[in-house]
Every structure is written in C-alpha cells, then in structure tokens.
1. Please find, among B:Q61, B:Q88, the residue that is within 14 Å of chain A (Cβ to nearest Cβ), part of a helix (DSSP H, G or I), of a type outside the set (F, W, Y) and within 30 Å of B:L136 (Cα to Cα).
2. Within the stretch B:64-84, can you find the residues that are surrounded by fewer than 17 Cβ atoms within 10 Å (Cβ to Cβ), more than 9 Å from chain A (Cβ to nearest Cβ) and either within 15 Å of B:L147 (Cα to Cα) or in contact (Cβ under 8 Å) with a residue 40 or more places away in the chain (or both)?
3. Just a yes or no: is a residue in the stretch A:27-46 modelled with pLDDT of 85 or more, assigned to a helix (DSSP H, G or I) and touching a strand residue (DSSP E or B) at 6+ places or on another chain (Cβ under 8 Å)?
4. Out of B:R145, B:R171, which single residue is basic (K, R), out of contact with any strand residue (DSSP E or B) (no Cβ under 9 Å at 6 or more places or on another chain) and away from chain A (no Cβ under 14 Å)?
5. Name the residue, out of B:A274, B:A313, B:A292, B:A233, that is of a type outside the set (D, E, K, R), within 30 Å of B:A364 (Cβ to Cβ) and assigned to a helix (DSSP H, G or I).
6. For the stretch B:112-141, give me each residue that is in a helix (DSSP H, G or I), within 9 Å of another protein chain (Cβ to nearest Cβ) and surrounded by fewer than 13 Cβ atoms within 10 Å (Cβ to Cβ).
7. For the stretch B:49-97: of the residues being of a type in the set (V, I, T) and closer than 12 Å to B:Y128 by Cα, which is modelled with the highest pLDDT?
8. State all residues of the stretch A:83-141 that are touching a residue at least 40 places away in the same chain (Cβ under 8 Å) and within 10 Å of chain B (Cβ to nearest Cβ); if no residue qualifies, say none.
Amino acid sequence: MRNTQIFLCLVLLAVCAAVTAFAGDIKVIANPSVGASSVSADEIKGVFLATKTSLSDGSHVEPVLEKDGPAHEAFLKQFIGKTDTALETYYRSLVFTGKASMPKTLPADAEMVAYVAKTKGAIGYVSAGASTAGVKTLEVK
Amino acid sequence: MRRLNITAKIWLSVGVFIFGYLLSTALSQFQSREACASLRATSEALFPAAQRIQEAEAAFQRMVKGFGDAVVMQDASGLDRAAEDGRQAVAALKAVASISGLSSERSAETGRLALSLDQLLADARRIYGAASSGTLSESMQDEIRTLASRMEEASAALAKAKEESAADLHRQLSALETSSVHQSSFALAVFAITLIVAGAIVHLTIKRSITGPVVRVIAGVQEAANESARAAAQMAQSGAEVSNNAQEQAACIEETSASLEEISATTRQNADRAGEADRLMQTVRQTVERAARSMDDLNSSMTLISKSSQQVAGVLKNIDEIAFHTNILALNAAVEAARAGEAGAGFSVVADEVRSLAHRAAEAARNSSAIIDQTVEHVSKGVELVGQAHAAFQQVSVTIGNGSQIVSQIAASSDEQARGVSNIGQAVSRIEQLTQRNVANAQQTAEGASEMTTQVEGTRKYLDELVAVVGLRNA
C-alpha cells in the first residue's frame, strides 16, 4: 500500500517534469489587438474549448487551431488534454447544439501567424521556433 | 312548539340531528359520485394524454440524441433509428390530439406541435444526413444552428406540453382533492350546523320547557316561601299578641268573675233581706191588723164607756135628785127641829149636816156630771179619733200590703237577679275556660308559626339546591 503511494507520487513528479519540458516547445500568439500580455493555462483551455470568448482583461478572443503537426500535438497535450479526434467530436457536438461554430483550422505555423496577424482577436499557437512577426506572444502563466 | 311536551321536544331535537346527519351523508354521496365522474375523466383522458406526451418527449429526446450521435460521431447508421424515434414522437402527439376527453385548445395545440415536429423531423433527416458524412461547411453549420434552435424550440414546446399536461393532471387531481376536501368540509359543516341547530334546539327546549318553568316555579315558590316566612312572622307576632291579650283578658275575666261573685253574694243578700223585709212587712201587717182589731175593740169599748158614762150621768141625775130631795128633807127636818125647840136642837144640827151633805152630794153630782159630760165628750172625740186611727190603720195596712207586694216583687226580682248573676258567673267561668283555651291556642299558633318559619327555611335550602341544580343564579 505504502509502496503504491510512493509509486504514484513518483509518476506525478515525472508527469510534471515532462509538462515542464514540453512547455518550451510551443508559444501562444495573439493578434496585437488583444490587450493582455499574459494568459493562464486555464484561460487557454477555456478559450480553445469555446467555454470562454474573452480573456481576464476583457479582450474578445477567437481560437485558431493548426490542422496537425508537432505544435498542434504539443498544444493539445499541454493545454487541452484531448486528442485531435476528441476535440473535433467536441466541436461537432457544440455545432450540433448550436453553441459554437467549428474553429478556424490552418495547415501550418506560417499560415497561423499570417491569419492571427490579420484577424482581430485571433489567438493561436506555433512552434517555439516559428517566426512571430506581426503577432503578439502571450506569456503563459 | 309550546304545546308539545318535553319528550316530544327532545325527540324533535334528535330528529333535527338525524335529519342533518342524513342530509350530510346524502350530500357526501352525491359529491363522491361527481368526484368519481371527474376521476374517470382524468383516468380516461388526462392521464393517458400526460403519459403519451411524456412518451413523445422521451422519443423526441431519443431522436435528438440519435441525430446528435450521428452528427458528432459522423455515423449515418443511427439516422434511421433517430428518424423512427421522431416518428414515434409525432405519432404519440397525434394520438394525444385525438383523445376525446381533452380540452379543444389542448388538442389543437398538440396537433400543431405534431405537425411542426413532423416538419422538423423531415428537415433534420435531410440536414443531419448531410452533416453526418464529412466536414461541416459554414452554410451547413448555419443550417445546423437554425435546426438546433428549432430543436430547442420543439424541445421546449414538448417540455411545455408535458408540463402543461402534467399540470392539467395535477390541477385535475388537486381539484379533485380540493373538492374532496371541500366536500368533506361541507359535510362536516352541515353536520356541525345540524349539531349546533339541534344543540340550540335542545338548549332552548331545556331552557324553555325545563329550566324556564323550573326557574319560574322556583321564583314562585321562593316568593311563596318569603310570603310564608313573613306570614309566619306575622302569625307568631299576632299569636304572641293574642296570647298576651288573652292572658290579659283572662285576668280581666277573673276580676269580673270575682266581682260577679261579690254581686251574686250581694244580690243573694238583697234577696234574703227582701224576703226578711217581706216577712217583717207581713208581721207588721198582722200587727197592724191586730192594732186595727184592737182599735175596733177600743171603739166598741169607747162606745160602751160612752154608754156607761150616759148611764153614770143618769145615776148622777138620780143622785142629784136624791140630793135635792134630801136637801128638801133636811129643810123639812130643820123646820120640824126648830118647832121641837131644844129637844130638836141636836136634830137641827144633824139636819144641817144632812143638808150640807145633800149640797155637797148635789155639787159632787153636778161636778161628776160635768166630768162625765166632759168624759162623754172626750170619749166621743176618742171614738172619732179611734175611727180616724182605724181608717189610718186601714190605710197603713193597705200600704203595708202594697209594700209587702213590692218587697215580694223585689225579693222575686232579687232571686231572679241572683239566678241571672249565677248564670252570668257560669258564663264568665266558661268564658274564662275558653280564654284559657284561647291562650293555649294562641301559644300553639305561635309555636306553629315558629315551626312554619323553620319549615320555610328548610324549603329555602331545598330551593337553593334546586337553583344550583338548574344552574341559574339570577332566578
């Protein structure tokens, strides 16, 4: 019993370490019209699961997703906690009940940056190494 | 009401009570029949309607879920099944619309809902059919959104219909319950009113027919008792007064009796004295008679004396004549003696003596004759007086006779008086006895009055008890 608890604690520590390790792989970007300069993980999850449409400072935001790719995988894993299929099912159920529309989906980092840069209130993510010209990088708290 | 006796009145009250009980029972029966009819309507219309609408809603929810699954999971195989659920919902709604016991408004509403649901089902089958295979274009998303809002509306309408039907059912049931409660309350009220009316009648009956008369009787008896007490007091007082008066009277009567005794004695004495007087009178009369007879004798004696006197007068005349003759003879002798000279001298002295004697005899005879004449005169006067005395004695005798008669009458009267007084004495002694008896009676009356007072007090106590039993103090 005691051994099991110790094991669980160790696993938890390992997971935390892994998350910390991934955090550096992507960065969250937003259209410069978004007032906030930092955003919490919960806010990100809320925005991308369409349960929030604005950030804590009151600026309206609209989530933009990448179609696939390592940044997308990492983002889903780090913030959303759903697989890509599950997320699509989730969004379809929202569409079916009329609560939300399917989010904009872009094929890669470059399109993402370009779209976010030109779309007011857009919030998205790119690989840590991608160029973020014309967009605002939000600090994840 | 007033003519009935108490038993009849009490039975009347009980009758009112029974009538009220029967009335309330009949009312409950009537109302429970109404309630049964209402319950039948509920069980034949409202309940199945509610059930059907519930089924319809359930089928609709299954349909929505089926479509949702198909769209979300992109699995077209569930579409038919969902459409089947939708048709079931429509059929259930149509069945509800055709139930005869529902209100026309409710039927029409359900019919409209069935039609719109049918329309919605057709659209959904088409749009979700397209959406369940492949990605969702913007226009498709718009259509899905519109459909979702329609679904929402339909769902809301169904929920509303369900709620309404449930509310109908509930309303009906609660109306039933309310009416049942009302009914029982009403029956209870009727029963209570009957009870109150019967109670009031019983109360009034008792008050009017039992308590009232009893109270009146009590009041009357109390008044009579008071009157009796007053009368008894008066009686005691007057009894005592009568007793005192009677005692006084007895004393007076005793005095009277004593006086009467005295009077009786005096009267008897009077009678005795009258008798004595009578006897004395008789004696006096006899004496007077004797005196009268003596007077007669005296009269005859006087007559005899008168006669004797006359005879004596005759004798005296003879003596006078003798004296005269003697004188003459003496004279003759003197003459003869004188002639005879001295021889005759002695003789002449004798003759003188004889002559003086003759003179003296004649004088004595004349004196005696005068005396005798006087005597005769006196005797005749005495005879006259004796006659007068005799007449007076006669008058006295008559007067004495009258007096004796009067005295006899007085004696008789006195006797009668004595008898009367004795009678009065007897009457007085009888009166005395009666007075003594009156005194005793008066004392008895006074005792009776005091006994009566005691009885009246007892009566009052009983009356108080009766008043307490009746429970009225104001009587």
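1. On the way: B:Q88 fails: within 14 Å of chain A (Cβ to nearest Cβ).
On inspection, the qualifying residue turns out to be B:Q61.
2. As a first pass, look at the stretch B:64-84 and keep what is surrounded by fewer than 17 Cβ atoms within 10 Å (Cβ to Cβ): B:65, B:73-77, B:80-81, B:84.
Of the ones still in play, those that are also more than 9 Å from chain A (Cβ to nearest Cβ) are B:65, B:75-77, B:80-81, B:84.
B:K65, B:D75, B:A76 - these are the residues of the stretch B:64-84 that are surrounded by fewer than 17 Cβ atoms within 10 Å (Cβ to Cβ), more than 9 Å from chain A (Cβ to nearest Cβ) and either within 15 Å of B:L147 (Cα to Cα) or in contact (Cβ under 8 Å) with a residue 40 or more places away in the chain (or both).
3. yes
4. Values: B:R145 fails: away from chain A (no Cβ under 14 Å).
Only one candidate passes the filter, namely B:R171.
5. Values: B:A274 fails: within 30 Å of B:A364 (Cβ to Cβ); B:A292 fails: within 30 Å of B:A364 (Cβ to Cβ); B:A233 fails: within 30 Å of B:A364 (Cβ to Cβ).
Testing whether each residue is of a type outside the set (D, E, K, R), within 30 Å of B:A364 (Cβ to Cβ) and assigned to a helix (DSSP H, G or I) leaves just B:A313.
6. B:E138
7. Within the stretch B:49-97, the subset of a type in the set (V, I, T) is B:53, B:64, B:71-72, B:90, B:96.
From what is left, the residues that are closer than 12 Å to B:Y128 by Cα are B:64, B:71-72.
On the way: B:V64: 89, B:V71: 86, B:V72: 85.
Per the criteria, the residue is B:V64.
8. The answer is A:Y90, A:Y91, A:L94, A:K99, A:A100, A:T105.
The values are calculated or read from the model by the stated rules, or taken from the named source; none is laboratory data. Quick caveat, the model's predicted, so the values are computed rather than measured. FYI the Cβ positions are ideal-geometry reconstructions off the backbone, even for glycines, and counts take in every protein chain you see.
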